[in-house]
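The values are calculated or read from the model by the stated rules, or taken from the named source; none is laboratory data. Keep in mind that what you see is a predicted model, and the values were worked out from it rather than measured. As a convention, Cβ positions derive from the backbone with ideal geometry for all residues, glycine included, and neighbour counts pool all protein chains shown. Quick note on the areas: whole protein, heavy atoms, side chains included, nothing else; ligands and nucleic acids left out. Shrake-Rupley method; radii C 1.70, N 1.55, O 1.52, S 1.80 Å.
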Amino acid sequence: IEIGSSVLPWGGGGYFRLIPISAFKHGVKTIIKKQNAYTFYFHPWEIDPDQPKVNQASRQYRFRHYTHLAKAQAKLSDLIESFTHCRFITCNTYLEELNTGCHWLPPRPVRPSDQGVCGDKRILARQD
């Protein structure tokens, strides 16, 4: 995301844990509005506050790796709940749909009854 003349990484990971959720959601909304898509990632260990600690690691590493682990799962749930109007898919599915021309962004939350077929792939879709 661009802030002034700087570009900040906004894909997830440690930045997701370190940036306040309200600011992170605002950044995601900005990216979606500008690019019509957003890629989010996280590592499974980033929602595991009980993972073993490496006490011999540098202070910088420990800060980057362990800060806000206990809050990450609730924060992830909050992020997902804030974007129920969006469709969450894998990068592979997104690329497949771009290649087949079967991509869309839903105007409302997706329901199981919205399933359809696009080529030989089942997708969640609806017609208004």
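Observations on the structure shown:
- Pairs where the first residue, in segment 13-24, is touching a residue at least 40 places away in the same chain (Cβ under 8 Å) and the second is surrounded by 15 or more Cβ atoms within 10 Å (Cβ to Cβ) and aliphatic (A, V, I, L, M), C-beta under 8 Å, 6+ apart: Phe16/Ala72; Phe16/Leu76; Phe16/Leu79; Arg17/Leu69; Arg17/Ala72; Ile21/Leu79; Phe24/Leu79
- Residues that are closer than 29 Å to Leu95 by Cβ and open to solvent by 70 Å² or more (accessible area, probe 1.4 Å), drawn from segment 44-54: Pro44, Trp45
- Subset of segment 55-88 [open to solvent by less than 40 Å² (accessible area, probe 1.4 Å) and of a type outside the set (A, V, I, L, M, F, W, C)]: His65, Tyr66, Thr67, Lys75, Ser82
- Selection status of Leu18, among the aliphatic types (A, V, I, L, M), at pLDDT below 90 and open to solvent by less than 90 Å² (accessible area, probe 1.4 Å): no
- Test set (1) modelled with pLDDT of 95 or more; (2) within 12 Å of the chain's Cα centre (by Cα) - Ser77 fails condition number: (1)
- Checked across segment 34-43, the condition of being basic (Lys, Arg), open to solvent by 90 Å² or more (accessible area, probe 1.4 Å) and within 24 Å of Tyr94 (Cβ to Cβ) holds for at least one residue.
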